[in-house]
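Heads up, the thing below is written out as structure tokens.
The values are calculated or read from the model by the stated rules, or taken from the named source; none is laboratory data. As the structure is a computational prediction, the values presented were derived from the model and not from experiment. Positions of Cβ are backbone-derived with ideal geometry, glycine not excepted, and every protein chain shown enters the neighbour counts.
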Amino acid sequence: MFVIAGGCRRPTGEPSATGPIALEDVSDRVGITFRHTDGSSGRRYILEPMSAGLALFDYDGDGRIDIYFLNGAPLPGYESSTIPRNALWRNNGDGTFTDVTEQAGVGDTGFGLGVVVADYDNDGHPDIFLNNYGRNVLYHNQGDGTFEDVTEKAGVAGRDDCVGAGAIFLDIEGDGDLDLYVGNYLSFDPSRNVERMVDGMRHYPSPRDYLPIPDSLFRNDGDGKFTDISMESGIAAVAGTAMGMIAADIDGDGDTDVFVLNDVAENFLFVNDGGGRFEERAVEAGLAYNAQGEENASMGVDAADYDHDGWIDFYMTAYEDELTILYKNLGGGFFEDVTRLTDAGQGTYFHVNWGVCWADFDNDGNPDVFVANGHTEDNAELRRPATAWRVANLLLRNTGDGKFVDVSSQAGSGMRPVFASRGAAVADLDNDGDLDLVILNSREAPTIVRNDTRNDNHWVQILLEGKTANRDGVGSQVKVITGELVQLQERHAGRGYQSHWGDRLHFGLGKHTKIDRVEVRWLGGTTEVYDNLPVDRFILLRQGSSQYEVLDLPKGRLGR
Amino acid sequence: MRILAGAAAMRSVQFLIFHKSPTRSLLIGSILLITVIAGLVGLYRVGRFPFLDPFLKHGAGPTASAGEDLRAVEMSAELPDEAAPVPKSAADIREEMHRLAAWLRRWFPDAADAGIIAGRLEYHLGDMDAAEDAFQSVLRLAPDNVHAHHGLALIDVARSRFEQAVPHFRRVVGLSPGAVGPMLELADTLIRTGRMDEAVDLLEKDFPSEIESVWRAQMLGQCYLHRGDLRRARMMYELALMLQPEDPVALTGLATVFSRLNDREQAAAFTERLGRVREREREVARQTRLAHDDAASLAQKLAEAYGDAGRFCAVQGIGLLAERLLCRAVALRPDDGKAHLDLAELYLKREDRLNDAIAHAEAAAAASPGAATNLFLARTYQAAGRSDEALDAARKALAFGERWPEALALYRQLTESRERNGSGTPSSTSPFGSSERP
């Protein structure tokens, strides 16, 4: 069997960043000892390499973003003296994190794949949904730093044979509470494992070796319970092999649509009729395939208006021998694969890509792209020297003129770790006004990256609080106008590769020293406008209030 | 001429010999191989390799100097000998591919053709850096080597370096006038770099009007869709669909076009049709995966490389090596008609190996039935004095309709000779008796 050696971190003494974005690897300075396991033993069950995503959110309302890592679980043949579990790491604000999994009661031991966080019951506290292989889990946040497993009560446990994928909270009919979309990868039984050999070496099977299954949609009944409406909503009309997914208003009609990536199959775009009934229209919209009309092994997806034309675009990761894809929204819900036209796929072709985040790392007003890399096969390099099980990640800087430039090698130690990365998420972990990174690495410790970019650019982070809209403001769109620069973002719950982040909307503002206007289009309701806002602040916008509130969040550190 | 399988065939060219698909590899490998052979034969015929004459006319061994023989023996020692078992596992085959590439680069550092073969092997092995290095070395020796430019262009494409691929593709197009494959590849690369207008010009103005290609229609559809010219995009996708009725790219394009035209009904109809096509594709892919044998596809690539290397050595006048390499090709792939034919050609020049020549010529004709193999078989039989069998093979050669004058001339020569010698009584000088051409 192929011997797995440890991944590598930056050797000491290497030069720091030389480019416009500076990222520092602080993994060994934050006190996080979590280590991921995929439950593998060499039998190559198809779900092993799919684990897992992670979530960045403030679970205890202390103004600091905490980290929740998913973990795999023992599969037949796996032997270990300890039982792997998910882990919640509390942000201490002094640069370190503390494992609070036990106290919080969120140490699920199921085989974790996807996670999403949102306040589904509008009580002001973020709840967690886990999309596992087997029983899914809904943790209700009790507001005192602890969670209660309410899965059965809520009716969202799912099927035992189902391998999970991404999951998203969204308000499908704009009624003010959040419904739950659960991606299903495929139906799996270890006793019927498909074995594959490629180039004489054991290889994971393809999702095409299994039957695809439809995803699930649960309507929030408003009383803590959910009802499975997969059939009547139109979601179950098609079967796929779901991976990452995201909800967004792609056609500007004020409701939330769902973009689901499928592994080695066409993607799905579920267009919402506004009342919670969906029609799958990915082919017509131009989102099913790449520019050449080919299916991809699609992985993770994130949304942003990268070119400031007022429409939400998508960036999607894919498999080896495929380019990642930048789908530009042409308006009205029609998309074009502009990967080649924008150079947004450079550096991705040979590797398997997973996590993806749009994030304005240098606060210049143009969202950049981070891509997490790593192969599914731990012996990939034996078959093909161009790639490997462990691969460095990728950072593409948005130059603002419709092009992207690979700045990975100039971005410092944060881009040098070489692991088999999976989920990735961004958030301002030290509340210093720039976006930091957390990356879950398969079978190894995570990578924590501090953003050390130094420039004169400004920023703003906006938190939403819905009233008639759901309290988190999920599905609402925020437009920030500074001079000529008009930026649009939507509040998502669940994105990237089966992960969650972005409870605060982060806008880089470039040299602008004031914000002329902020417009919030609340999901299912009104549009509210705020003028003359300060920069370099955390701002809370409450639905129905004409005043904004500047929050005094505690400044912190990231890494000792 | 219609290229009904245009998209698949041209995309095979795009991925050259390097992609994993055995069909693509076989097709492209064959095209390139034929081009190489034709080029080399052409050069020889126009007298560019006069030093080969003695060898090719009188056989390999006897003409080589004692020094050359020693060198050939030294070189061949690093190759698997005739008794060496054929590698069965993919890992062993890959190992032998590595060894062959290294051997070619070690012993023929100044030979462009050897560099090309080594570069292809490196690419099959997935070592892009080594492949690029090999093709660059070839260009230093022969700046206009079309295969090196092509290889480099495809490496650039595979690495998403489309801008860098464009000049290489342009050179390929320039060096291969009339060849539509490189033109389509260039257009595809231009599209990938966003140079839609240049791609449209190339496909509309420069592309031979008599050739109908699915890939061309797909690309034009894509360009017009990008420009927002839905009318032309629709026309092009419909043309692609006419050439290839279930082309998924055309179906996708038409669904998009009608969707943008707000014709939901038509869009839905094409989407539904596409769904059925994709479903069938998936089932075929699933069955293909079930039957896929990595070792077999790798062995085929290795055999092709041995065949190329054998032909290269034959042209270099190193008969000993040519024989060893071609024998290895045949051992790896017993149905390799070209390798059998080349071996037959080698043996035909050696009186003591006439029976081997016949055996390989028969194997070539069986593996690749055609005018060329049967003509050669006829000549081999003729050399061995087996006139009945020679006549029979010549008749078969005529039946294929290619190289008709050559086949007919041989047939007449054989029948006349037979009549002169009284060794038989052909019913007529018509090869078909009834004067009916099949």
Exercise for review: Please indicate, with yes or no, whether at least one residue in the range A:152-166 is in contact with a strand residue (DSSP E or B) (Cβ under 7 Å, 6 or more places away or on another chain), modelled with pLDDT under 95 and acidic (D, E).
Suggested key: yes
**Study point:** Condition met for A:V371 (part of a strand (DSSP E or B), aliphatic (A, V, I, L, M) and surrounded by fewer than 24 Cβ atoms within 10 Å (Cβ to Cβ))
**Key:** no
Practice item. Hey, could you check the range B:266-278 for residues that are within 20 Å of A:E336 (Cβ to Cβ) and touching a Leu at 6+ places or on another chain (Cβ under 7 Å) and say which is farthest from the other protein chains (Cβ to nearest Cβ)? Key: B:F270
**Study point:** From the options A:A392, A:A420, A:A411, A:A445, residue that is at pLDDT 95 or above, aliphatic (A, V, I, L, M) and more than 25 Å from A:Q498 (Cα to Cα)
**Key:** A:A411
Revision key, fill the gap. Counted residues in the range A:238-271 being over 18 Å from the mean Cα position of the chain (by Cα), under 22 Å from A:Y133 (Cα atoms) and not in a strand (DSSP E or B) come to 3
Check your understanding: Got at least one residue in the range A:336-354 being at pLDDT 90 or above, within 12 Å of chain B (Cβ to nearest Cβ) and assigned to a strand (DSSP E or B)?
Key -> yes
Check your understanding: Which one is surrounded by the most Cβ atoms within 10 Å (Cβ to Cβ) among residues in the range B:252-265 that are more than 11 Å from B:G221 (Cα to Cα) and more than 7 Å from every other protein chain (Cβ to nearest Cβ)?
Key -> B:F258
Exercise for review: State yes or no: is B:G194 in a loop (DSSP other than H, G, I, E, B), within 14 Å of chain A (Cβ to nearest Cβ) and within 23 Å of B:R232 (Cα to Cα)?
Suggested key: yes
Review point. Looking only at residues in the range A:319-335 that are in a loop (DSSP other than H, G, I, E, B) and over 30 Å from A:L70 (Cβ atoms), which one is nearest to the chain's Cα centre (by Cα)?
Key: A:G333
Practice item. Within the range A:198-237, count every residue that is away from chain B (no Cβ under 14 Å), surrounded by fewer than 18 Cβ atoms within 10 Å (Cβ to Cβ), more than 23 Å from the chain's Cα centre (by Cα) and part of a loop (DSSP other than H, G, I, E, B). Key: 5
Revision key, fill the gap. Those residues of the range B:73-98 that are within 14 Å of chain A (Cβ to nearest Cβ) and β-branched (V, I, T) come to a total of 1
Practice item. Please find, within the range A:259-293, the residue that is nearest to the other protein chains (Cβ to nearest Cβ) out of those that are among the aliphatic types (A, V, I, L, M) and in contact with a Leu (Cβ under 7 Å, 6 or more places away or on another chain). Key: A:V283
Review point. If a residue has to be more than 10 Å from every other protein chain (Cβ to nearest Cβ), touching a strand residue (DSSP E or B) at 6+ places or on another chain (Cβ under 7 Å) and among the hydrophobic types (A, V, I, L, M, F, W, C) to count, how many in the range A:370-388 make the cut?
Key: 3
Point to revise | Enumeration of residues in the range A:190-233 that are farther than 24 Å from A:L75 by Cα, touching a residue at least 40 places away in the same chain (Cβ under 8 Å) and not hydrophobic (A, V, I, L, M, F, W, C) | key: A:D199, A:S216, A:R219, A:N220, A:G222, A:G224, A:K225, A:T227, A:D228, A:E232, A:S233
Review point. What number of residues within the range A:294-318 are in a loop (DSSP other than H, G, I, E, B) and either more than 13 Å from chain B (Cβ to nearest Cβ) or among the β-branched types (V, I, T) (or both)?
Key: 12
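To keep it simple, each residue is scored yes or no on (1) of a type in the set (K, R); (2) more than 31 Å from the chain's Cα centre (by Cα); (3) under 19 Å from A:Q292 (Cβ atoms).
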site	(1), (2), (3)
B:Y224	no, yes, yes
B:R227	yes, yes, yes
B:M235	no, yes, no
B:Q244	no, no, yes
B:V249	no, no, yes
B:L261	no, yes, no
B:Q266	no, yes, no
Study note, to complete from the structure: Here, strands (runs of 3 or more DSSP E) confined to the range A:1-119 with at least 1 residues that are under 20 Å from the mean Cα position of the chain (by Cα) and at pLDDT below 95 are none
Review point. Of the residues that sit in the range B:164-179 and are out of contact with any helix residue (DSSP H, G or I) (no Cβ under 8 Å at 6 or more places or on another chain) and in a helix (DSSP H, G or I), which one is surrounded by the fewest Cβ atoms within 10 Å (Cβ to Cβ)?
Key: B:G174
Point to revise | the range B:143-161: number of residues that are out of contact with any Gly (no Cβ under 6 Å at 6 or more places or on another chain) and within 18 Å of A:A386 (Cα to Cα) | key: 9
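For every residue, the table says whether it meets (1) on the phi < 0 side of the Ramachandran plot; (2) over 15 Å from the mean Cα position of the chain (by Cα).
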{"site": "A:T399", "(1), (2)": "yes, yes"}
{"site": "A:F404", "(1), (2)": "yes, yes"}
{"site": "A:A411", "(1), (2)": "yes, yes"}
{"site": "A:F419", "(1), (2)": "yes, yes"}
{"site": "A:D436", "(1), (2)": "yes, no"}
{"site": "A:I439", "(1), (2)": "yes, no"}
{"site": "A:D456", "(1), (2)": "yes, yes"}
{"site": "A:L485", "(1), (2)": "yes, yes"}
{"site": "A:Q498", "(1), (2)": "no, no"}
Check your understanding: Across the range A:272-293, which residue is surrounded by the most Cβ atoms within 10 Å (Cβ to Cβ) among those that are out of contact with any helix residue (DSSP H, G or I) (no Cβ under 8 Å at 6 or more places or on another chain) and in a loop (DSSP other than H, G, I, E, B)?
Key -> A:L287
Review point. Quick check, is B:A101 within 14 Å of chain A (Cβ to nearest Cβ) and modelled with pLDDT of 90 or more?
Key: yes
Exercise for review: Give B:R106, B:R120 a once-over and let me know the one that is away from every other protein chain (no Cβ under 14 Å), buried (at least 16 other Cβ atoms within 10 Å of the Cβ) and basic (K, R).
Suggested key: B:R120
